[in-house]
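Before any comments, here is the structure.
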Amino acid sequence: MKVELVPPDSDTQPRHWVRHDQAFAMMLGPGSIEWGSKRSALEKFAYAAGDLALCDRHNGEWVGLMNVPHLQLGISDAALMAACDEPTGEVELRPHRKFADSRLGALVAAVHAEMVAGFPSGRLFLDSVEQAMAVALVSAQAVRQRPVRMSRGGLGPARLRRIKELVHERVEDELSLDEMAQSVGLSTAHFARMFRKSTGETPHQFVLRQRLERAKAMLRGQDARVLDVAVACGFKTQQHFAQVFRDVCGISPSGYRQDFLGYEATCASETCSEDTPRPVIVGSQSELS
């Protein structure tokens, strides 16, 4: 998925835009854009923050004055086709110069927040969001209505085992949705749906949980620095690691270590029963989205 932040533009000279990928945008503030299928017939649209626009991919767009900042995203043909029952040919979406969609808006807002933070969650997060966007676009905006393909059942035990092995092998590396799907011989969108049916988690949620479990194990030792734990568990920065750990576990990495070591010290001097509460806080799966 291509992501571009487009600032306001004071140039009023109409320009013709043609995009390779299917593009749509979310407005980040109030303003207006002049759109049109012809240079001589531009229409002015007023926008509020959160409004969406879906571009005319086949004919392009003539754009004049554009004084509203917006986030523009390019969705690949592969993602759109994977969201359809008809896997061949190009997916045609109905262009809209102004519309609202709460599901798409929430997904774009998540991408914007990720971009502002410097894309700390990596490629797998963006791949997962692109697939969700493709499903939403095909469901609501396809010119010929095509029901979104539903999967029955889930991944078999052998495929699940292969995915778990891959994640454990690559937990400190960048891992994409395409790589996970290819490892079990499935298309990206089909794999994502089947994986969630099997585990109750998206691939991104699963990978994040595995990284946090490894981080907890490392933090229970006294020697590893928090920075080293963050790098070993696939987080790009110590700050991002600390933020995710606190959001999911309800405590900072340093606080988790101190609580655990304090518990171990208490048990070394006293008799601890099996009912003695342990300082291990695990976030729910819904928090890992």
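The values are calculated or read from the model by the stated rules, or taken from the named source; none is laboratory data. Predicted, not measured: the structure shown is a model, and the values here were computed from it. Ideal geometry is used to build each Cβ from the backbone, glycine not excepted, and the neighbour counts take in all protein chains shown.
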Self-check item: Criterion (at pLDDT 90 or above, surrounded by 13 or more Cβ atoms within 10 Å (Cβ to Cβ) and under 17 Å from residue 93 (Cβ atoms)) met by exactly one of 28, 71, 52
Solution: 52
Quiz item: Does any residue of the range 132-140 turn out to be modelled with pLDDT under 80 and over 15 Å from residue 77 (Cβ atoms)?
Solution: no
Practice problem: Go over the candidates 195, 241 one by one and state the one that is in a helix (DSSP H, G or I), in contact with a helix residue (DSSP H, G or I) (Cβ under 8 Å, 6 or more places away or on another chain), modelled with pLDDT of 90 or more and among the aromatic types (Phe, Trp, Tyr). | Solution: 241
Practice problem: Being in contact (Cβ under 8 Å) with a residue 60 or more places away in the chain and surrounded by fewer than 17 Cβ atoms within 10 Å (Cβ to Cβ) is the filter here, so list the residues in the range 199-238 that pass it. | Solution: 200, 232, 236, 237
Practice problem: Check off (1) in contact with a Pro (Cβ under 9 Å, 6 or more places away or on another chain); (2) closer than 25 Å to residue 261 by Cα for residue 233 and give me the number that stays unchecked. | Solution: (1)
Exercise. Scan (1) assigned to a helix (DSSP H, G or I); (2) touching a Ser or Thr at 6+ places or on another chain (Cβ under 7 Å) for the single condition residue 120 breaks and write down its number.
Key: (1)
Exercise. Please tell me if residue 260 is outside any loop (DSSP other than H, G, I, E, B) and touching a Lys or Arg at 6+ places or on another chain (Cβ under 6 Å).
Key: yes
